[in-house]
Amino acid sequence: MSDIKNEFAYSWSRADAFYQCPRRFYWQHYGSWNGWEDDAPANARLAYRLKHIQSLAMLIGEIFHAVVGRALRERPERPSSVPAAALHDSAERIFYEQLAASRAKSWRTNPKYNANLFEDYYSGGLTARESQEGLVALHKCIDGFAADGFGRRAFGVERARLKMIDDPANFDQKRALIEGVIVYAPPDLVVEGKDGTSLHIVDWKTGRHRDASVVQLAVYGLVVSELRGVPISRLSAHLVYVGHGQHDECAQLSSGIEEAKRKIDAFVHDVQERLTDVERNVAGDIERFPMTTSVFKCRSCKFRELCGRTGDPPLAPDEDLAS
Ligand code: SF4
């Protein structure tokens, strides 16, 4: 068995999963632990495989963030225009590769790096029309990024003014210790403001517009403030809906900080009281994480096979149901 530690942490999506359905949270963060090992219990191996399931909408978001993130990390020092053609080419190539991998069930050998689409696994397979619509949506997101002010700015300023770029391999940049709790809130980009002292936190969204609370954005602020040593008052947050040309801004993150801290405290209390070993972050009793009674949620849950809740028709989850 692996010696890697299962770290207790807060994130907005973890808390959302926990309060939506404690059992879903259990499978995602405890029941699937060690499931990558050949000698792990059968349920852990299945949970590990299922936790990597993603819908077409989620795959679009993942590919968009992968190609934009890589282009930003590799961009030259000097300002340039958005390399839209290269982004389109990379995104389309990965899109077709992942669709083929899902159809070929390549996830059976490596679920972490080969897509397993919810639509293929639970719904009888993506139709050609759905695939084509997905590709169109992906290209639209890249067009939206290239047209957006922050998209242009991400390439149009000196590289040194980009203070954080999300990097899948850099965990130290994704989390910070906030009052003794590890908090995950990795922004897609943090770019210096025109005044040279403020920072803009930018998150690209590939799905439909949702009202984000100032509390949710304040969690980003807490992490970026800690990592960059910048007061909250110097931070603003921006959600850019690249597929729909919408842009939400919050310049007053301070107003959500106290509530954000209260939510973090509540999550820590509510989860840890169900653990069998808080120190080692072990959830040894699955019954302390009950299944939701709102069975409609199970229609779009990737763990429905494990829970035996496959009776109702499946409904592919949207891009935000990542964990
Ligand atoms: S299938 Fe339903 S009960 Fe099971 S984890 Fe998913 S939402 Fe929870």
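Quick note: the coordinates plus some simple rules give every number you see, no bench work behind them. Predicted model only: the values in this text are computed from it and were never measured. Note that each Cβ is placed from the backbone with ideal geometry, even for glycine, and that neighbours are counted across all protein chains shown.
For the range 1-115, the square roots of the Cα gyration tensor eigenvalues, ordered a ≥ b ≥ c, give a/c of at least 1.5 with a/b greater than b/c, which places it in the prolate category. Backbone amide hydrogens, once placed in the peptide plane, bring residue 246 within less than 5 Å of 241, excluding anything fewer than 5 places away on its chain. Pairs of Lys residues in the chain that lie 8 or more places apart, or on two chains, and have C-alpha atoms under 23 angstrom apart add up to 23. For the chain, the relative contact order is 23 percent, taking Cα pairs closer than 8 Å that sit 6 or more residues apart in sequence and dividing their mean separation by the residue count.
Under conditions of 4 °C and 1.567 mPa s, the range 139-201 yields 98 µm² s⁻¹ as its translational diffusion coefficient, taking Rh as the Kirkwood radius over Cα pairs in the Stokes-Einstein equation.
Here the label points at residue 42 and residue 255, each 7 Å from Cα along the C-beta direction, are separated by 5.5 nm in the simple model. In a fully extended conformation the segment linking residue 4 and residue 233 would gain 78.7 nm over its present Cα-Cα distance, using 0.36 nm per residue.
Once a ≥ b ≥ c are taken as the square roots of the eigenvalues of the Cα gyration tensor of the range 161-270, is the result rounded (a/c under 1.5), prolate (a/b larger than b/c) or oblate (a/b not larger than b/c)? Taking the square roots of the gyration eigenvalues as a ≥ b ≥ c, the range 161-270 is rounded.
In whole Å, what is the distance between the alpha-carbon centres of the range 112-135 and the range 152-213? That distance is 30 Å.
Take every pair of alpha-carbon atoms less than 8 Å apart whose residues are at least six positions apart; their mean separation over the length of the range 161-270 yields a relative contact order of 23 percent. Quick check on the chain: take the gyration tensor over C-alpha atoms, sort the square-rooted eigenvalues as a ≥ b ≥ c, and tell me if it's rounded (a/c under 1.5), prolate or oblate. Oblate, because a/c is 1.5 or more while a/b does not exceed b/c. Counting only Cβ charges, +1 for Lys and Arg and -1 for Asp and Glu, the dipole size of the chain around its Cα centre is about 320 debye. Taking every DSSP helix (H) stretch of at least 4 residues in the chain, weighting each as -39,500 (n - 2.57) and dividing the sum by the residue count yields a mean residue ellipticity at 222 nm of -13000 deg cm²/dmol.
Shown here for the range 1-83: trypsin sites (Lys or Arg not before Pro) in loop regions (DSSP other than H, G, I, E, B) with at most 13 other Cβ atoms within 10 Å, namely 5.
If the segment from residue 211 to residue 198 were pulled out straight at 0.36 nm per residue, it would be longer than the present Cα-Cα gap by 2.2 nm. Label 7 Å along Cα→Cβ of residue 19; the range 218-245 residues with amide nitrogen under 15 Å? Of the residues in the range 218-245, 218-219 have backbone N under 15 Å from the label point off residue 19.
By the count of neighbouring beta-carbon atoms within 10 Å, fewest first, 136, 157 end up ordered 136, 157. Ordering 113, 241 by the number of other Cβ atoms within 10 Å of each residue's own Cβ, fewest first, gives 113, 241. Here the Karplus relation 6.51 cos²θ - 1.76 cosθ + 1.60, evaluated at θ = phi - 60°, turns the backbone of the range 120-128 into coupling constants of 6, 6, 10, 10, x, x, 5, 7, 4 Hz, with x for every Gly and Pro. Arranged from fewest to most other beta-carbon atoms within 10 Å of their beta carbon, 141, 301 become 141, 301. Restriction of the GluC sites (Glu not before Pro) in the range 269-323 to DSSP coil positions whose beta-carbon has at most 10 other beta-carbons within 10 angstrom yields 273, 279.
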